[in-house]
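Where a number appears in this text, it was derived from the coordinates with a stated rule and is not lab data. As the structure is a prediction and not an experimental result, all values here were calculated from the model. Don't worry about glycine lacking a Cβ; one is built from the backbone with ideal geometry, like all the others, and counts go over all protein chains shown.
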């Protein structure tokens, strides 16, 4: 019987130093590949999705905060332009040209349209394009709005900046706005209100989108959820006092004051009956002050399901168009036309 043959002498021996050198080379290749991947990923996020350059905000003593003036950015394939007055509108002259009809809209993220709706598809941009032909005169539409603004924030902007010589001032309110107090969130301390660009687009993906979902952190602005107030009736009364201040200022400057009401809907995308008393309280005040209200409840209800809403508050592009069409047919606006 033959003894087993030991062939170990035929196998090349790999010194420990060579093994260590191989591991180092593999490690450096892995690090280099990872760096290349991160760089390519960063560039893709910036150039394709516009991440790393969010809409920036600044503190304001009168209205709490507002978008920083003179911004132009492209996020998720949508253009967002902010003019010299922090409005989501083209640049304007403080005093309107002669014979121009100027509408000044004030609101929160519903009017702003969110950064996920292209500038050309928000209600005020549609009106800017179409009203001149319908009214047969020059028209300029201003949009002063910010996510999370309450009525006191909007009136603060109006008091500090004036009516911009507008003929018509329109506040866009959703149901929650009727009881929402002044929003004193400090820009920079809230992920939705950055004051400066993040160091990297990847970092923004983590802090703004991934981390809140992993740790169940709510990032919605205050205007997108029901305010927690001890007495809704008293809170609504306070809001009506702010609206009265706005009405008086507008009328003193020669502008008509009006309201567009857009409902908060439930999970089934139908108006919430429990919030109807707030709408009625607003309607009673407006009737007593001869303030026109354009109620979007009926128009929105013609489009079932998710056709007009992103969520229970915010209008998608179709919802913005539906609101613009309703404004175009509003007798108040049509009354400014020329034959």
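Convex hull over the Cα atoms of region 81-238, averaged projected area in nm²?
Working: hull surface 44.3 nm².
Mean shadow area of the hull around the Cα atoms is 11.1 nm².
Mean-square fluctuation check for the chain, GNM, Cα pairs under 10 Å: which of 309, 105, 215 is largest?
215
Against the longest alpha carbon principal axis of the chain, how many degrees, from 0 to 90 and to the nearest 10, is the axis of helix 16-49 turned?
20
Take every DSSP beta bridge with both residues inside the chain and express the antiparallel ones as a percent of the total, to the nearest 5.
Working: 11 of 32 bridges.
Antiparallel bridges make up about 35 percent of those DSSP assigns within the chain.
According to a simple spin-label model (label point 7 Å from Cα along Cα-to-Cβ), what is the distance in nm between residue 186 and residue 253?
Modelled inter-label distance: 3.0 nm.
So how far apart, in nm, are the two label points at residue 23 and residue 35 if each is 7 Å from Cα heading toward Cβ?
2.2
Have a look at 235, 258, 246 and tell me which one the Gaussian network model of the chain (Cα, springs below 10 Å) gives the largest fluctuation.
Top of the fluctuation ranking is 235.
Restricted to Cα positions, what overall size does the chain have along the principal axes? Three whole-Å values, descending.
114, 45, 39
Listing 231, 62, 177, 81 from the residue with the fewest other Cβ atoms within 10 Å to the one with the most, what is the order?
231, 62, 81, 177
Which ordering of 100, 140 is given by a fewest-first count of other beta-carbon atoms within 10 Å?
Working: 100 16, 140 23.
By the 10 Å Cβ count, ascending, the order reads 100, 140.
Using a 10 Å cut-off around each Cβ, can you sort 276, 56, 214 from fewest to most neighbouring Cβ atoms? Intermediate results must be reported in sequence, preceding the final value.
Details: 276 13, 56 18, 214 9.
Listed from fewest to most nearby Cβ atoms, that is 214, 276, 56.
Given R₀ = 22 Å, what would the calculated FRET efficiency be for residue 208 paired with residue 70, taking r from the Cβ atoms and rounding to 0.05?
Details: r = 23 Å, r/R0 = 1.05.
Using R0 = 22 Å, I get an efficiency of 0.45.
Please work out the FRET efficiency for the pair residue 234 and residue 288, using the Cβ-Cβ distance as r and a Förster radius of 25 Å; give the result to the nearest 0.05. Please list the in-between numbers first.
Details: r = 18 Å, r/R0 = 0.73.
Between residue 234 and residue 288 the formula returns 0.85.
Select from 132, 271, 230 the residue whose mean-square fluctuation is largest in a Gaussian network model of the chain (Cα-Cα springs shorter than 10 Å).
Residue with maximal mean-square fluctuation among 132, 271, 230: 230.
Run the quick spin-label model on residue 332 and residue 62: label points 7 Å from Cα toward the beta carbon, then report their separation in nm to one decimal.
Going by the 7 Å Cα→Cβ label model, 2.2 nm.
Using just the helices of the chain, give the 222 nm mean residue ellipticity in deg cm²/dmol: DSSP H runs with n ≥ 4 each add -39,500 (n - 2.57), and the total is spread over all residues, rounded to 500.
My calculation for the chain gives -11500 deg cm²/dmol from helical runs alone.
Computed FRET efficiency, Cβ-Cβ of residue 274 and residue 160, R0 51 Å: what is it to the nearest 0.05? Don't jump to the answer; show the numbers that get you there.
Details: r = 35 Å, r/R0 = 0.69.
In this case the efficiency is close to 0.90.
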